[in-house]
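Visitor: Here's a structure for you.
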Amino acid sequence: MKVLVTNPVKQYTHHLCYALQEAGMLQEFLTTIWYKPDSPFQRQLVRKLPGAAREKIEHIFKKRYHPGLDSDRVSMHWMPELMRQLGGKIFDLSQEKWVYRMERNHDRYVASQLKRLQPDLVIAYEKSAKETFAEARRLGITTVLDLAQVHYQFIADLRTPFPVFKDVLGDEKTLARINETKEAEYRLADHILTLSDFARETMVSRGISGDRVHKVSLGFDPTRFQAKPLRKADAPFTFLFAGTLTQRKGIQLLLEAFTNLNLPNSKLVMVGPILDGKEILDQYEGQFEYIPFLHHEELVRYYQAADVFVFPSLLDSWAMVVLEAMACGTPAIVTDHTGSRDAVLKGGGLVIPAGDLQALTSSMLRLYQDRAELAQLGQEALKVSQEYTWEQYGKNMVRVLEGISQPVPLA
């Protein structure tokens, strides 16, 4: 089977491409910008740029790379992404509009290449798959949407119980265009890959046949995240949050719960960049320890030092940080709107309703008070996490794709 993968950005696609390469299935990875360390053109291009532009391009390149992926199998259509990175700072357009414009441009380019490439199957991503899938169907090529999110209508419906989503979804005109594109992609996809049971449920509950929707959960790097050493008896009981500090991650609930509990010899550590959470953090100044950024080798020490990892997100189709914490033997508290609840439900933590302050508070208190249960959950978390390595992700992905062979007739 010849598989073409297309994504204008990186996300986790490099792991998918590597798995397909190792299985002898990867025909080509079409993207915008990719770092090819053996490319004289890229080295010369970067060297000739002025200082600020050179730093910007080098930063992009460092993020667009995977050492095991054969660079000869990666093709670039770089102009749309370069325009987004640089042009978005010049013209008065929102970042969301620039991203969407880049995605649509990349989609049209890939569609124009299908007749030449003639893959057996094409895998694409939301907002950059509509034209590609339409042309693929015309050519009899099987189409697969690798869905990194949940159904767009589920996100829209969250605006009622959680008003914060009214602010993050962008202007109504752009949102309507994006959702129309997503709806067309759902219809044109022969098969849809989701990251979790949660994400899959949002699709099936809105009328998409379960036979077309397959779950393939993401992985983590077991060489980076490993079991914690024995905890010091007198160390403060530590609750840890890692991720983007935004209201959608439920940080206000976490801060309120921790402050109300006022537990002796305890602390809350929050790691990650701040988006729309600054005002909330200011309200609770002095109640937590804040760390803006940590490299993976530093972050692992915080996972290991924590007693409980708390991730009260209102919406996450997966949440890699949960598995990373569990891989260090740290039990997790997550919500039912978090995709990695799949792993937590197997053992290694507690799952609570999204937005439920009382459930969050009682769960944090429960693990603080019951050290025997805490230790047991930590052991279970470590064991369960080993089912979610990148190696296992690759095996699961290849197995699913091998079962997908023919296009599905449009309804």
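Visitor: For region 120-255, with all protein chains present and a 1.4 Å probe, just round the carbon and sulfur fraction of the accessible area to a whole percent. Could the numbers behind the result be given before it?
Guide: Working: 2660 of 5580 Å².
Roughly 48 percent, rounded to a whole number.
Visitor: Mind listing which chymotrypsin sites (Phe, Trp or Tyr not before Pro) in region 211-306 are in a DSSP loop and have 15 or fewer other Cβ atoms within 10 Å? Let's see the in-between values first.
Guide: Numbers: sites: PHE220, PHE225, PHE237, PHE239, PHE241, PHE258, TYR284, PHE288, TYR290, PHE293, TYR302, TYR303; in loops: PHE225, TYR284, PHE288, PHE293.
Answer in residue order: PHE293.
Visitor: What accessible area per residue, rounded to a whole number of Å², is obtained for region 212-312 using a probe radius of 1.4 Å? Kindly include the intermediate steps, with their values, before the conclusion.
Guide: Working: 4980 Å² over 101 residues.
The answer is 49 Å² per residue.
Visitor: Let me ask you something else. So what's the back-of-envelope 222 nm ellipticity for the chain, counting only DSSP H runs of four-plus at -39500 (n - 2.57) apiece and dividing by all residues, rounded to 500? The partial results should precede the final answer.
Guide: Working: 18 runs with 186 residues, N = 411.
It lands at -13500 deg cm²/dmol.
Visitor: So which trypsin sites (Lys or Arg not before Pro) in region 191-277 are both in a DSSP loop and have at most 16 other Cβ atoms within 10 Å of their Cβ?
Guide: Working: sites: ARG200, ARG206, ARG212, LYS215, ARG224, ARG231, LYS232, ARG248, LYS249, LYS267; in loops: ARG206, ARG224, ARG231, LYS232.
Those that pass, being in a loop and sparsely packed, are ARG206, ARG224, LYS232.
Visitor: Per-residue accessible area for GLU180 at 1.4 Å probe radius, Å² rounded to 10?
Guide: Rounded to the nearest 10, that gives 130 Å².
Visitor: For region 205-293, which GluC sites (Glu not before Pro) are in a loop by DSSP, counting at most 14 other Cβ atoms within 10 Å?
Guide: Values: sites: GLU256, GLU279, GLU285, GLU289; in loops: GLU285.
Qualifying residues, ordered by number: GLU285.
Visitor: If the elastic network links every pair of Cα atoms under 10 Å, which of GLU135, GLU172, GLU380 fluctuates the most in the Gaussian network model of the chain?
Guide: The residue with the greatest mean-square fluctuation here is GLU172.
Visitor: Using a/c under 1.5 as the rounded threshold, could you call region 233-357 rounded, prolate or oblate? The axes a ≥ b ≥ c are square roots of the C-alpha gyration tensor eigenvalues, and prolate needs a/b larger than b/c, oblate otherwise. Write out the running numbers ahead of the final one.
Guide: Numbers: a/c = 1.28, a/b = 1.10, b/c = 1.17.
Note, shape of region 233-357 comes out rounded.
Visitor: Once Lys and Arg get +1 and Asp and Glu get -1 on their Cβ, which of LEU121, ASN179, LEU193 lies farthest toward the positive end of the dipole of the chain?
Guide: LEU121
The values are calculated or read from the model by the stated rules, or taken from the named source; none is laboratory data. Note that the structure is predicted; figures quoted are calculated from it, not measured. As a convention, Cβ positions derive from the backbone with ideal geometry for all residues, glycine included, and neighbour counts pool all protein chains shown. Protein only, heavy atoms only, side chains kept; ligands, DNA and RNA dropped before computing areas. Shrake-Rupley method; radii C 1.70, N 1.55, O 1.52, S 1.80 Å.
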